[in-house]
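Presented below is the structure to which this report refers.
What follows is calculated from the coordinates using simple rules that are stated; it is not laboratory data. Only a predicted model underlies this, so the values are computations on that prediction, with no experimental measurement involved. Cβ coordinates were reconstructed from backbone atoms using ideal geometry, including for glycine residues, and neighbour counts include every protein chain displayed.
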Amino acid sequence: MTDLRTPIEKAREEKHQKICAMFLDLSNKQPNVAPHRIFGAIAQAVGMTVPGVKHIIVQNGLYTTQPK
């Protein structure tokens, strides 16, 4: 099948996969650390904001939030 995504979309997907892999790695290595602190470490490493990283991780089903 032909990949119709633009180079920007491909780069975004790679970045999201990297963020998800980092979250899984850090949360498995340090299970006692609060998720927000992990989000902060990842955000600093990839140059994003904490809410942006959290959105990606929640969107990929790796973390669930409490309903309001």
Among residues of the stretch 31-60, those that are closer than 16 Å to Lys15 by Cβ and not in a helix (DSSP H, G or I), counted | 4
Filter the stretch 1-30 down to the residues that are not β-branched (Val, Ile, Thr) and not in a helix (DSSP H, G or I), then identify the one that is farthest from the chain's Cα centre (by Cα).
-> Met1
Near pairs, Cβ below 8 angstrom, 6+ apart or cross-chain, from the stretch 37-61 (hydroxyl-bearing (Ser, Thr, Tyr)) to any residue that is part of a helix (DSSP H, G or I) = Thr49/Ala43
